[in-house]
Amino acid sequence: MSRALQPFEELVELDAEALRTWSARALDALGREREEIDAINVYPVADGDTGTNLYLTAEAAHQAVEAVFATAAPDAAETARAMAHGALLGARGNSGTILAQLLRGMAAVLAEGRDGDHLARALATAADAARRAVARPVEGTILTVASAAARACAGGGLLTEVAGSAYEGARTALATTRGQLDVLTRAGVVDAGGQGLVTVLGALVETVTGRAPDRPEAEPHGLLVPLGPAAPERCGTEDGPAYEVIYLLEAGDAAVDLLRSRLDALGDSLVVVGGDGLWNVHVHVDDAGAAVEAGVEAGRPHRIRITHFASAPAEADTDARGARAQRAVVAVVPGEGLAGLCAEAGATTVQTRPGEQPAGDELVDAIRRAHAREVVLLPNDTELRQTAAAAAERARAEGIRVALIPTRAAVQGIAALAVHEPDRRFDEDVVAMTAAAGATRYAELAVAERQSFTSAGVCQAGDVLGLIEGDVAVIGQDLTETARTVLDRMLSAGGELVTLIVADGTPPDLAAALEGHVRRGYLAVDTTTYHAGEGAPPLLIGVE
């Protein structure tokens, strides 16, 4: 049983059980103060969820710690890594993402030693790592509080002394945040993320001393009492970007460096934490689809969460004729069968021809034919994105509200269409469709027309090519066997639903063979099959 909530003697080092207790106490303390921290959340967006986000991040960290204790007797290094990894996987919001990086920075040092001197070094490493993770650090935030905590205990010493000094340094710095950012001064509050970090450090003091740290007598709720007018409940899109986008990303360091530059140009509040191939990405943007697309190009994003900060009221239906719909979807698809499937789902379709992309005029015409005030455009092809963007601009000039979701394959378009709900607010519908598309990996099988060099080697005319995310990954001679290999490679990274889109002319038992392969080898994965008809690639595969 964990020692959480049980008083005990002062500690001289942070062993595995002490770290377990700290994670439990931090979770308990954030649970008690969650609503109060939410109430003072005015920066970077006044959406009243910083306390909740920190609590959920701490909960993920503690669950990871409990998981390693349930299967083994971990040492301190393993416990610290589990705590950091759990926080990385479950990080929520701007402050939660930074907390995950703080824990990761601490874990790297605590793996070497666990006395007071190592704790001081761990806090310094954590503060530095958190600043590097934020694209544009701002003083008066959780970063300021973390740096102050590290400076206050820089001299090292006994474990209890270091923990106490860090807490006092953080609490003093937190009080000054009220005057460091205009938005905090106007609201009369301290930074919510900084307050959450003080709470976490207070739990550390209680862990190593057995006593909860004192709170100022003048402020019975710590530093949570507002001194001015109440903070606004929510920040409108005029005050900043409309969406918060968060996802886990599997990618290398070089790809993440490029991703940082791209996302920094798209929005603000950019935080990218992690390493060793796994990252947690957080950004505020107006174009949620572009932020997800950037992640897709950098690596493999999953657990995508998109939150709309504020929605404008839906426009009233003022068309006296009653003929124009409120919303429609326009989808570009290969094959008659797939076009029919999308049409049955309510979409206006543009059917592609083999080897020929539709022109911009065709897309504009389809948007007009949809005869709606709001249109979601699904290009379903990487090479069509610029043409689709130009068509969307032309339609907007005619007074039609168009959202372009950067789907790169038909299976992503089907995933987006599956969650489309025309009765939702337009922005909310676009967010849900974008998230569904971004969570779908795609592959395609094609037959080589000539000998050529590919990323998987040299292919000959007539070879079956398995393309994953647009790149040739498998070269084979048999369509079914190649498809099995492609499926195995895609499902090795996980998945819950496989979508198969089969064209005319493929072996009649192809779909059944692949469904059986998935059923036998991946018990928790469902399979859905559609028939594309003529004019489509032999096989399209989607994995959600």
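The values are calculated or read from the model by the stated rules, or taken from the named source; none is laboratory data. Every value quoted in this text rests on a predicted model; they were computed, and no experiment measured them. Neighbour counts are summed over all protein chains in view; Cβ atoms, including those assigned to glycine, are modelled from backbone coordinates with ideal geometry. In case anyone asks, the SASA skips ligands and DNA or RNA and just uses the protein heavy atoms, side chains included. Shrake-Rupley method; radii C 1.70, N 1.55, O 1.52, S 1.80 Å.
Keeping all protein chains in the complex and leaving out DNA, RNA and ligands, what accessible area do you get for Arg394 with a 1.4 Å probe, in Å² to the nearest 10?
That residue has around 100 Å² of solvent-accessible surface.
Can you run phi through the Karplus equation (6.51, -1.76, 1.60; θ = phi - 60°) for the range 393-399 and list ³J(HN,Hα) in whole Hz, with x for Gly and Pro?
In residue order, the calculated couplings are 5, 4, 5, 5, 5, 8, x Hz.
Whole Å is fine, so just give me how far the alpha carbon centre of the range 48-121 lies from that of the range 479-544.
The two parts, judged by their Cα centres, are 39 Å apart.
Sort the range 1-105 into rounded, prolate or oblate with this rule: let a ≥ b ≥ c be the square roots of the eigenvalues of the Cα gyration tensor; rounded if a/c is under 1.5, and if a/c is not under 1.5, prolate when a/b is larger than b/c, oblate otherwise.
On the way: a/c = 2.41, a/b = 1.70, b/c = 1.42.
Verdict is prolate for the range 1-105.
I want the local charge near Arg104. Using Cβ-Cβ distances under 11 Å, sum +1 for each Lys or Arg and -1 for each Asp or Glu among the other residues. Can you show the working numbers first?
Numbers: positive: Arg81; negative: Asp276.
Summing Lys/Arg as +1 and Asp/Glu as -1 gives 0.
Return the sequence-ordered ³J(HN,Hα) values of the range 329-336 in whole Hz as given by the Karplus equation 6.51 cos²θ - 1.76 cosθ + 1.60 applied to θ = phi - 60°, using x for Gly and Pro.
10, 10, 10, 9, 9, x, x, 5
Would you work out if the range 81-177 is rounded, prolate or oblate? Take a ≥ b ≥ c from the square roots of the eigenvalues of the alpha-carbon gyration tensor; rounded if a/c is under 1.5, else prolate when a/b is larger than b/c, oblate otherwise.
Working: a/c = 2.03, a/b = 1.12, b/c = 1.81.
Because a/c hits 1.5 or more and a/b fails to exceed b/c, the range 81-177 counts as oblate.
Can you tell me how much longer the chain between Thr185 and Asp526 gets when fully stretched, taken as 0.36 nm per residue apart minus their C-alpha distance, in nm with one decimal? Mind dumping the intermediate values first?
Values: separation 341, 0.36 × 341 = 122.76 nm, distance 5.32 nm.
Net length gain for the segment: 117.4 nm.
Once Cα extents along the principal axes in Å is worked out from the coordinates, which option in (i) 91, 48, 42; (ii) 75, 58, 36; (iii) 75, 56, 50 does it equal?
It is the one labelled (ii).
Report, in degrees rounded to the nearest 10, the 0 to 90 angle that the Cα long axis of helix 360-370 makes with the longest principal axis of the chain.
Computed tilt is about 80 degrees.
Amide H neighbours of Val42 under 5 Å, at least 5 residues apart or on other chains, H built in the peptide plane: list them.
Amide H neighbours of Val42: Ala192.
Excluding Ala290 itself, calculate the net charge of residues whose Cβ lies under 11 Å from the Cβ of Ala290, where each Lys or Arg counts +1 and each Asp or Glu counts -1. Don't skip to the answer; put the middle values down first.
Values: positive: Arg262, Arg385; negative: Asp286, Asp287, Glu293, Glu297.
Combined, the nearby Lys, Arg, Asp and Glu give -2.
Tyr442: accessible area at probe 1.4 Å, nearest 10 Å²?
Approximately 20 Å² of Tyr442 is accessible to the 1.4 Å probe.
Does the range 327-477 come out rounded, prolate or oblate by the C-alpha gyration tensor, with a ≥ b ≥ c the root eigenvalues, rounded set by a/c under 1.5 and, if not, prolate when a/b is larger than b/c and oblate if not? List each step's numbers first, then the result.
On the way: a/c = 2.39, a/b = 1.93, b/c = 1.23.
Cα axes put the range 327-477 in the prolate bin.
Given a 1.4 angstrom probe, I'd like the percentage of the accessible area of the range 328-434 that is carbon and sulfur, rounded to a whole number. Please report the intermediate quantities before stating the final value.
Values: 1970 of 4280 Å².
The C+S portion of the solvent-accessible surface of the range 328-434 is 46 percent.
Would you please give the residues with an amide H less than 5 Å from that of Ala91, counting only those at least 5 places away or on a separate chain, with H modeled from the backbone geometry?
Placed amide hydrogens put nothing under 5 Å from Ala91.
Roughly what angle does helix 510-521 make with the longest principal axis of the chain, taking Cα atoms, 0 to 90 degrees, to the nearest 10?
The answer is roughly 20 degrees.
Tell me, in nm to one decimal, what length is gained between Arg385 and Val419 on full extension, where the rule is 0.36 nm per residue of separation less the Cα-Cα distance? Don't jump to the answer; show the numbers that get you there.
Values: separation 34, 0.36 × 34 = 12.24 nm, distance 2.15 nm.
Working it through step by step, the gained length comes to 10.1 nm.
Counting only helical runs of four or more DSSP H residues, what would the 222 nm mean residue ellipticity of the chain come to if each run contributes -39,500 (n - 2.57) and the total is spread over all its residues? Please list the in-between numbers first.
Values: 18 runs with 256 residues, N = 544.
Rounded to the nearest 500, the figure is -15000 deg cm²/dmol.
Which ³J(HN,Hα) values, rounded to whole Hz and listed in residue order, are derived for the range 411-421 from phi using the Karplus coefficients 6.51, -1.76 and 1.60 in 6.51 cos²θ - 1.76 cosθ + 1.60 with θ = phi - 60°, glycine and proline given as x?
Whole-Hz 3J(HN,Hα) from phi for the range 411-421: 5, 5, x, 5, 4, 5, 5, 5, 9, 5, 10.
Please give, to one decimal in nm, the separation of the simple spin-label points placed at Ser492 and Val458, each 7 Å out from Cα toward the Cβ.
It is 2.5 nm.
Using a basic spin-label model with each label point 7 Å from the Cα along Cα→Cβ, how many nm lie between Ala73 and Asp276?
Output for this residue pair reads 2.4 nm.
Place a point 7 Å from Cα of Asp15 in the direction of its Cβ. Which residues in the range 147-188 have their backbone N less than 18 Å from it?
159-160
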